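What follows is a short report on a single structure.
The values are calculated or read from the model by the stated rules, or taken from the named source; none is laboratory data. As the structure is a computational prediction, the values presented were derived from the model and not from experiment. Heads up, the Cβs are rebuilt from the backbone with ideal geometry, glycines too, and the neighbour counts pull from every protein chain shown.
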Amino acid sequence: MDHSRAPVLEALQEFRRRNDIVYGPPGHKQGRGADPRVVDVVGRDVFRSDVLMLNGLDDRRQSRGVLEQAQELMADAVGAEHAFFSTCGSSLSVKTAMLAVAGPGEKLLLSRNAHKSVIAAVVVNGVVPVWVHPKFDGERHLAHPPEPDDVRSRLQEHPDAKGMLLITPTDWGTCADVRGVARVCHEFDVPLIVDEAWGAHLPFHPELPPWGMFHEADLVVTSVHKMGGAIEQSSVFHLQHQRVSPEVLKQREDLLGTTSASPLVYATLDGWRRQMAEHGRELLEVAIRRAQRIRKEVAELPGLRVMDREVVREGLAADLDPLKIVIDVRELGVSGMQACEWLRANRHVDVGGSDTCRISASITHADDDRTEEILLSALRALVDAADSIAARSPVRLPKPAALELEQAMRPRDAFFAEVEHVPAERAAGRVSAESVSPYPPGVPVIAPGEVITEEVVDYLRSGVEHGVLVPDAADPSVRTLRVVARAA
């Protein structure tokens with residue numbers, strides 16, 4: 001296929017050339033009605049590019065097939081049979097993928113280190129979750145993806161399960177054995193869905209970890225805004241084989257997706273695909289070498305420990321994304337959250353993720369010598385200033401086994417049950433009616449239907465006192481918890 005084409009961008013250029021006057025949405029009329037104060041901040045071209053696909057970039061019948069052409073080019077670029085663009089982020093795309101495989105009351109294997117959007121999908125569609133617990137790394141306090149044997153044992157226990165959802169890479173860059181898990185799923189004739197939100201770049205360089213479409217996955221969801229070059233909320237479904245019907249997937253997406261899709265998302269997805277198809281390997285080659293230099297420099301700084309391929313050698317993960325720089329800061333005597341806050345306040349450097357132990361920085365094709373040096377300079381300054389960062393009460397991290405909570409009710413049933421709010425100190429033994437997810441990365445510590453324990457409450461309460469953000473809890477302070485009401 002001709003990857004020099006960018007059908008959505010070309011249609012947008014043509015729309016501007018024609019200078020059409022629109023008498024439908026959006027109401028700002030390509031910026032003519034936008035508040036000048038807004039234009040001063042975001043620019044007029046944002047509004048000029050905000051055009052409906054229907055009777056805008058394409059005609060009333062969509063006879064030019066602008067979007068379809070762009071999706072076909074995306075599929076070809078990444079080795080998929082089909083690709084569908086989504087403008088609601090992978091949070092919605094994952095829900096759609098799950099709906100395409102399992103319906104209400106049906107079982108689906110889910111990696112328990114899933115993002116809160118997966119738990120939300122379980123609540124929305126009423127699927128029965130069969131949790132596949134990740135490989136917990138006690139020394140690093142990390143969850144790595146489950147292994148093929150973990151998936152096989154759960155499928156043997158639940159032969160009526162409709163499929164498996166695997167998360168890889170994780171937020172911290174550790175990767176699953178995608179081919180191994182796919183082959184186990186296919187032994188049982190069920191599809192493998194891969195939430196590869198952090199992996200949009202993986203198809204475009206051979207030194208990067210496994211890309212789901214190249215390693216036998218059936219359905220892969222990516223967030224191109226994370227490691228690619230499209231704007232926020234840009235997501236793509238990639239599909240191959242016959243285990244998931246493209247017709248069913250499209251209908252499920254239509255059920256959940258917006259009818260007012262942003263052309264800005266479509267256009268940047270289209271342009272990013274063209275960029276990667278034409279120049280991806282060389283751009284990512286530069287990024288990989290840059291990340292290697294950064295790792296080497298950071299490893300020499302006292303008090304900082306860079307997670308590298310030792311997690312693979314130790315058998316904790318199948319692979320590691322070299323573009324995800326994960327730095328343990330505990331030896332500095334601070335938490336990752338404190339390091340994150342200090343870097344933002346004092347060096348105007350915003351890291352990608354932070355938790356009690358570490359911070360992370362994603363290196364992409366957009367980085368250059370300047371951003372490389374800014375990061376390294378900021379980390380050197382952090383090391384020098386660590387002794388001056390005020391101590392905070394510690395987060396009481398539970399042992400890995402304490403994070404495997406008993407599932408007493410289906411998540412949907414618990415979420416919609418009669419509920420009450422109880423003080424956190426009296427919540428142990430009660431069934432949660434909510435998700436409680438430290439953010440980022442937004443993996444629920446407690447999901448609806450799980451039995452709350454003292455260890456987990458202690459962890460969450462001490463975390464909030466330290467500065468952990470828990471935005472999805474009914475009470476973000478976690479002084480109270482929303483639980484299923486007891487029968488009178």
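Before moving on, here are some points about what is shown:
- Residue match in region 306-315 (condition: surrounded by fewer than 23 Cβ atoms within 10 Å (Cβ to Cβ), of a type in the set (Lys, Arg) and within 30 Å of Arg140 (Cβ to Cβ)): yes
- Hits in region 65-104 (condition: farther than 28 Å from Asp189 by Cβ, out of contact with any Phe, Trp or Tyr (no Cβ under 8 Å at 6 or more places or on another chain), in contact (Cβ under 8 Å) with a residue 60 or more places away in the chain and not in a helix (DSSP H, G or I)): Cys88
- Matching option when the condition is in a loop (DSSP other than H, G, I, E, B), touching a residue at least 12 places away in the same chain (Cβ under 8 Å) and farther than 27 Å from Pro302 by Cα, among Ala417, Ala391: Ala417
- Taken over region 292-343, the residue count meeting the criterion of being on the phi < 0 side of the Ramachandran plot and small (Gly, Ala, Ser) is 6.
- All told, Val456 falls short of being in a strand (DSSP E or B) and out of contact with any helix residue (DSSP H, G or I) (no Cβ under 6 Å at 6 or more places or on another chain).
- Members of region 105-129 found to be part of a loop (DSSP other than H, G, I, E, B), modelled with pLDDT of 90 or more and small (Gly, Ala, Ser), listed by number: Gly105, Gly126
- Within region 364-381, the set of residues being without any contact (Cβ under 8 Å) to a residue 60 or more places away in the chain and not acidic (Asp, Glu) comprises Arg370, Thr371, Ile374, Ser377, Ala378, Ala381.
- Of all residues in region 12-45 being surrounded by 15 or more Cβ atoms within 10 Å (Cβ to Cβ) and under 30 Å from the mean Cα position of the chain (by Cα), the one that is nearest to Ala83 (Cα to Cα): Leu12
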